[in-house]
Every structure is written in C-alpha cells, then in structure tokens.
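Read the structure below first, then the notes.
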Amino acid sequence: MTDTPVDAVVFDVGRVLYHWQLSALFEKMIDDPARLEKVLGEVVTEEWHFLHDAGRPLSQMVPERIALFPDYAEEIRAYATRFNETIPGPVEGSHALVERLDERGVPLFAITNFGAEFWAGFRPQERIFDRFRDIVVSGEERIAKPDPAIFSLSAERFGHAPEAMLFIDDNPANIESARKCGWQVHHFTEAASLENDLAARGLI
C-alpha cells in the first residue's frame, strides 16, 4: 500500500463482482463426462473466448469454430446464444462493498474483459452497474487486459491519475500490468480480504 490517497476505486467484473465459468452452461447440456471435458478443454475454451473479449465478432468466431469442430456445433452455438448462463451470480460479498463505497461517495469505475455483444446482453439487467460512473469494456474498445493501453485509456476516461486509483482484479497478469502503469492495486481473492484493504485505506 502507498501513502497516496485513493480518489477512485476501479473494479474488474468477472470473478470479482460476478462468478464466471463456461462449465456452468455446458454441464447443463452435456451428460457425457468425456464430451464435457473435450468441450471445455479444446472446443469452447477460455483462450478462444478471449478473442471475443479482445474485439472479434461472434459472426466470425462461431462459424470458424464450427468448421474446426463440426461435431460440437450445438455447444458452440450455445456459447453464443446462452452466454449469460456462464455467469451463475454475484461473487459473495462484493456487491455489498460496491454499495458501501458508493454510499460514501467514492467514485466507482470498472475495467472488464467482456465481449461487446455479450456485455450488451448482460449489463442492462444488472442494476449494480448503475452505481458506476464509467465502465471500459474490452470488446467495445478492442483492447483487452493486460495490455497497458487499456489502463491508459481508462485513466483518461475516468479523469483520475493512475496513482490515485485502486484497481481490483483477480488475474495476477492484469494486476501486474496495472501496477507497472502506476495504479494502486488489490489482487482479489475474496470479499473479506478486499473489505479489510478498503477499510485500511479509509474508504469504507
């Protein structure tokens, strides 16, 4: 922790505010353990999904993937049409911290690796985001964490100096990139640890 006061708090979304796991969808669809393992390990992987986070449209990704894995067309199409089912619900305790920060008047922002099309289908139904002043979405900007460019863009958009913002993320690579860009950081593992950090900084 530095001595610089925090003027704004910046959250990641996936695995900080909301659980996210591709298996949450495919476990509903697939009874055969071997097929499930194949889908998650080779067909609809987080690495492939990251292409959409980085800005590639589903209209390109899905046909290409079906051409590679024609026997898994149903699962690949489900990824595109049922993505919200990969988000089982809020991370325990995180939303309460957002609410407490907001009630204290702390400016809240977010930087999320999220495909633009999926974000458009998820954001409107989640009222917690109404408390955020701005959210930088990788798929809309076509820049994804941990690229330093997304932190530069976010600092410009948010209007606060990096050293005066606390960035919260579960991914060590994203945390390290933000740190190198001058941000204060918290590597998220659970809401209780984050609560302690926020309290130590006088934010809640």
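The values are calculated or read from the model by the stated rules, or taken from the named source; none is laboratory data. None of the values given here were measured: they were computed from a predicted structure. Virtual Cβ from ideal backbone geometry, glycine too; neighbours counted across all protein chains shown. To get the accessible areas, we keep the full protein, side chains included, count just its heavy atoms, and leave off ligands, DNA and RNA. Shrake-Rupley method; radii C 1.70, N 1.55, O 1.52, S 1.80 Å.
Brief remarks follow.
- Cα-Cα pairs of segment 20-110 separated by more than 15 Å (percent): 65 percent
- On Cα atoms only, tilt of 58-68 relative to the major axis of the chain in degrees: 40 degrees
- Extension reserve of the residue 200-residue 120 stretch, reckoned as 0.36 nm per residue once the Cα distance is removed: 25.2 nm
- According to the Kirkwood relation over distinct C-alpha pairs, the hydrodynamic radius of segment 80-185 is 14.7 Å.
- Chain lengthening between residue 15 and residue 180 when straightened (0.36 nm per residue, less Cα-Cα): 57.2 nm
- Of the solvent-accessible surface of the chain, computed with a 1.4 Å probe and all protein chains present, 48% belongs to carbon and sulfur.
- Solvent exposure of segment 58-160 amounts to 48 Å² per residue of accessible area, where only protein heavy atoms count and the probe is 1.4 Å.
- Over the C-alpha trace of segment 73-141, radius of gyration and Dmax come out as 14.1, 49 angstrom.
- Every helix of 4 or more DSSP H residues in the chain counts as -39500 (n - 2.57), and over all residues that averages to -12500 deg cm²/dmol at 222 nm.
- Computed from point charges on the beta carbon alone (+1 for Lys and Arg, -1 for Asp and Glu), the dipole magnitude for segment 1-129 about its Cα centre is near 280 Debye.
- Our Cα-only numbers for segment 125-204 put the radius of gyration and Dmax at 13.0, 35 Å.
- For segment 54-204, with +1 on Lys and Arg beta carbons and -1 on Asp and Glu, the positive-most of 194, 96, 55 along the dipole: 55
- Extension reserve of the residue 7-residue 140 stretch, reckoned as 0.36 nm per residue once the Cα distance is removed: 45.3 nm
- The Kirkwood radius of segment 1-155, taken over pairs of alpha-carbon atoms, gives through the Stokes-Einstein law at 20 °C and 1.002 mPa s a diffusion coefficient of 127 µm² s⁻¹.
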